[in-house]
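Colleague: Submitted below is the structure of interest, expressed as structure tokens.
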Amino acid sequence: MKNNLFLKKRGPDHTEVTVHKDFCSVHNLLHITGSKTLQPLFCNDSFYFFNGELYNYPKKFKSDTSFLPYLLNGVYNFHNTSDGEYSIAYYNIKTKNIYFFRDIFGTKPLYYSTSSIVTGK
């Protein structure tokens with residue numbers, strides 16, 4: 001994929017391509033510690049892409065990524081309730097809305113393209 005040519009080096013351990021009707025996503029995983037969490041995450045008719053760490057997730061959840069759908073349920077108050085270093089892309093299948101979030105310091109990268117090029121070398 002042309003759009004992924006240079007980004008693949010940021011996550012060489014696994015590349016996941018997801019296509020759903022008019023939505024296509026590519027996620028490159030850099031696995032450092034713990035178990036691998038392949039993305040996108042899917043919950044409540046939405047796709048989630050997460051890079052970083054949330055510090056304030058309740059301990060009843062296994063990880064910050066399992067808590068993410070509950071945190072994003074109130075999309076417009078996200079920055080008031082989250083603590084951590086992160087970048088997040090969230091796509092709602094029903095509404096076709098896409099949201100992008102970064103922590104206030106912007107320490108985690110977030111790249112996106114609106115190109116219609118899905119295949120190719």
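The values are calculated or read from the model by the stated rules, or taken from the named source; none is laboratory data. In this text, all values refer to a predicted model and were calculated from it rather than measured experimentally. Backbone-built Cβ (ideal geometry, glycine too); neighbour counts: all protein chains shown. The area values use the complete protein model at the heavy-atom level, side chains included, leaving out ligands, DNA and RNA. Shrake-Rupley method; radii C 1.70, N 1.55, O 1.52, S 1.80 Å.
Colleague: Does the range 85-92 contain at least one residue that is aliphatic (A, V, I, L, M), at pLDDT 80 or above and surrounded by 11 or more Cβ atoms within 10 Å (Cβ to Cβ)? Before the answer, list the steps.
Modeller: Our first condition is that a residue be aliphatic (A, V, I, L, M); within the range 85-92, this holds for 88-89.
Keeping just the survivors that are at pLDDT 80 or above gives 88-89.
Subsequent filtering for residues that are surrounded by 11 or more Cβ atoms within 10 Å (Cβ to Cβ) retains 88-89.
Checking the range 85-92: at least one residue is aliphatic (A, V, I, L, M), at pLDDT 80 or above and surrounded by 11 or more Cβ atoms within 10 Å (Cβ to Cβ).
Colleague: Would you check if Phe49 is open to solvent by 100 Å² or more (accessible area, probe 1.4 Å), modelled with pLDDT of 80 or more and within 13 Å of the chain's Cα centre (by Cα)? Explain how you work it out, then say what you get.
Modeller: On the way: open to solvent by 100 Å² or more (accessible area, probe 1.4 Å): no; modelled with pLDDT of 80 or more: yes; within 13 Å of the chain's Cα centre (by Cα): yes.
The answer is no for Phe49.
Colleague: Would you say Ile104 is open to solvent by 30 Å² or more (accessible area, probe 1.4 Å), modelled with pLDDT of 80 or more and more than 12 Å from Phe50 (Cα to Cα)?
Modeller: Numbers: open to solvent by 30 Å² or more (accessible area, probe 1.4 Å): yes; modelled with pLDDT of 80 or more: yes; more than 12 Å from Phe50 (Cα to Cα): yes.
Here the answer is yes, as Ile104 does meet what is asked.
Colleague: Here's something else I'd like to know. Just give me the residues in the range 1-33 being in contact (Cβ under 8 Å) with a residue 60 or more places away in the chain and aromatic (Phe, Trp, Tyr), in sequence order.
Modeller: Result: Phe23, single match.
Colleague: Oh, and also: How do the strands (runs of 3 or more DSSP E) wholly within the range 5-45 filter down when requiring 2 or more residues that are of a type in the set (A, V, I, L, M) and surrounded by fewer than 14 Cβ atoms within 10 Å (Cβ to Cβ): which remain?
Modeller: Numbers: elements: 14-20, 23-29, 41-43.
Because the criterion is at least 2 residues that are of a type in the set (A, V, I, L, M) and surrounded by fewer than 14 Cβ atoms within 10 Å (Cβ to Cβ), the strands (runs of 3 or more DSSP E) in the range 5-45 that meet it are 14-20.
Colleague: Would you be able to say whether some residue in the range 16-38 is more than 29 Å from Lys94 (Cα to Cα) and among the polar types (S, T, N, Q)?
Modeller: First, the residues of the range 16-38 that are more than 29 Å from Lys94 (Cα to Cα): 30-35.
Filter once more, so that each one left must be among the polar types (S, T, N, Q): 33, 35.
Within the range 16-38 (the criterion being more than 29 Å from Lys94 (Cα to Cα) and among the polar types (S, T, N, Q)), the answer is yes, since at least one residue qualifies.
Colleague: Does any residue in the range 51-64 that is acidic (Asp, Glu) come within less than 7 Å, Cβ to Cβ, of a residue that is in a strand (DSSP E or B) and surrounded by 18 or more Cβ atoms within 10 Å (Cβ to Cβ) six or more places away or on a different chain, and which pairs are these?
Modeller: Glu53/Tyr86; Asp64/Leu54
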